[in-house]
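The values are calculated or read from the model by the stated rules, or taken from the named source; none is laboratory data. Worth saying up front: this structure is predicted, and the values here are computed from it rather than measured. In this analysis, Cβ positions are derived from the backbone assuming ideal geometry, glycine residues included, and neighbour counts consider all displayed protein chains.
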Amino acid sequence: MTSEQDPQYIDATRRRMVAGAAGALIAAAYAPQAAAQSSTPQPHFPSKPIRIIIPYGAGSSTDIAMRLIAPRMAEKLGQPIVIENRAGGTGIIGSEFVAKSPPDGYTLVAGTVASHAALVPLMPGMPYNVRTDFTPIGLAVVPPAIVAIHPAVPAKNISEFVAWSKQQPAGVSYASSGSGGSGHLATELLKLKTGANLVHVPYKDASRAVTDLMAGHVQLMVYYATLLPHIRAGKLRALAVLSDKRVAFAPDIPTAAEQGLPISVSGWIGLFGPAGLPAPVRDAIYAAMREALLDPAIQPQMLSSGQEPQPLPPLEFGKFVDAEIARWTEVVRAANIKME
């Protein structure tokens, strides 16, 4: 974001223009009040608990990641961090709430590839603008997607699954955590590249989708860390991980590329505040998040749950989000994906 696009810069410019037009009369009238305000010390941040809104349900990949690092962040900042789930609209409801909150650092959102990138080309009428209504604080984790099926499906790899799907007259149902989510788009990309006969079944949250997958009500799901315990317990079967190389937390799962399908799809989770968040507040939050992500006591827990810590500071994170919006815009166009 350039300085001319910065909401603080714009507000400051407008204030200078108004002050010049109003003249000395207004300045004189408010001089005593301004002097009193300038002599009042600004409160230390943070001086009260911080809320992190999770725009998805409890047990989602985003929820797991934030609950792992929140206690260490709170310790660093010296104030409690309260995790609050506000699920709905593939992350839109919770994200909109934060976009309309005061930019004081006390209400943040754990935004994702869905809420802050993939939905942009899919929903032109979203109730917020990712680029202008938020302050990027930092990237936290980048979990690779896993392709999982119900064990009753007679397939051990991607090729066998695709061949089997083409034999099903009504198609093979696949679950997602919501229309426009990264799992939805990743599966549609898989469908585009292989010709698999797939039918989308969107859910309001990932937990319900995973439950129905284990029950056999749907046969396929592309998702993240939430799948791992069930794969390890034999309740689901992993066909592939959609990453450039095998992942440390599940080295036995082959990549799709190893199976002749060069698809790499990773989700991501990062913190955002409302637009206009002061830089010192933004930087304090990022420093606490980074320290938590790199804590040797926390990293093993992150990796075992399928989360790969990749802290990225505010300015770089903003550029990353722009690149992700462009990337998913191209995927949506190429696959002709529509909201359902």
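Whether any residue in segment 231-241 is surrounded by fewer than 21 Cβ atoms within 10 Å (Cβ to Cβ), without any contact (Cβ under 8 Å) to a residue 24 or more places away in the chain and part of a helix (DSSP H, G or I) is what I want to check. Yes, there is a match, as at least one residue in segment 231-241 is surrounded by fewer than 21 Cβ atoms within 10 Å (Cβ to Cβ), without any contact (Cβ under 8 Å) to a residue 24 or more places away in the chain and part of a helix (DSSP H, G or I). Taking the criterion of being buried (at least 22 other Cβ atoms within 10 Å of the Cβ), among the hydrophobic types (A, V, I, L, M, F, W, C) and either outside any loop (DSSP other than H, G, I, E, B) or free of Cβ contacts under 8 Å to residues at least 60 places away in the same chain (or both), the residues of segment 255-288 that qualify are ILE269, LEU271, PHE272, ILE285, ALA288.
Close contacts from segment 192-214, counting a first residue that is free of Cβ contacts under 8 Å to residues at least 60 places away in the same chain and a second that is among the charged types (D, E, K, R) and not in a strand (DSSP E or B), with Cβ to Cβ under 9 Å and a gap of 6+ residues or different chains, come to GLY195/LYS166; ALA196/LYS166; ASN197/LYS166; ASN197/LYS191; LEU198/GLU188; LEU198/LYS191; VAL201/ASP212; TYR203/ASP212. Of the strands (runs of 3 or more DSSP E) that lie entirely inside segment 125-195, those containing 2 or more residues that are within 17 Å of the chain's Cα centre (by Cα) and crowded, with 24+ Cβ neighbours inside 10 Å span 134-141, 145-149.
Among residues of segment 77-97 that are on the phi < 0 side of the Ramachandran plot and touching a residue at least 12 places away in the same chain (Cβ under 8 Å), those with a Cβ under 7 angstrom from a residue that is assigned to a helix (DSSP H, G or I) and acidic (Asp, Glu), sequence gap 6+ or separate chain, pair up as ASN85/ASP63.
Every test in (1) within 19 Å of THR329 (Cα to Cα); (2) among the small types (Gly, Ala, Ser); (3) modelled with pLDDT under 95 is passed by GLY88 save one, and that test is (1). Here ALA225, ALA206, ALA215 are screened, and the one residue that is farther than 19 Å from ALA256 by Cα, out of contact with any strand residue (DSSP E or B) (no Cβ under 8 Å at 6 or more places or on another chain) and either crowded, with 19+ Cβ neighbours inside 10 Å or modelled with pLDDT of 95 or more (or both) is ALA215. Return the residue satisfying two criteria in turn: it lies in segment 91-124 and is assigned to a helix (DSSP H, G or I) and out of contact with any Phe, Trp or Tyr (no Cβ under 9 Å at 6 or more places or on another chain), and of such residues it is nearest to GLU324 (Cα to Cα). Only one residue tops the list, namely ILE93.
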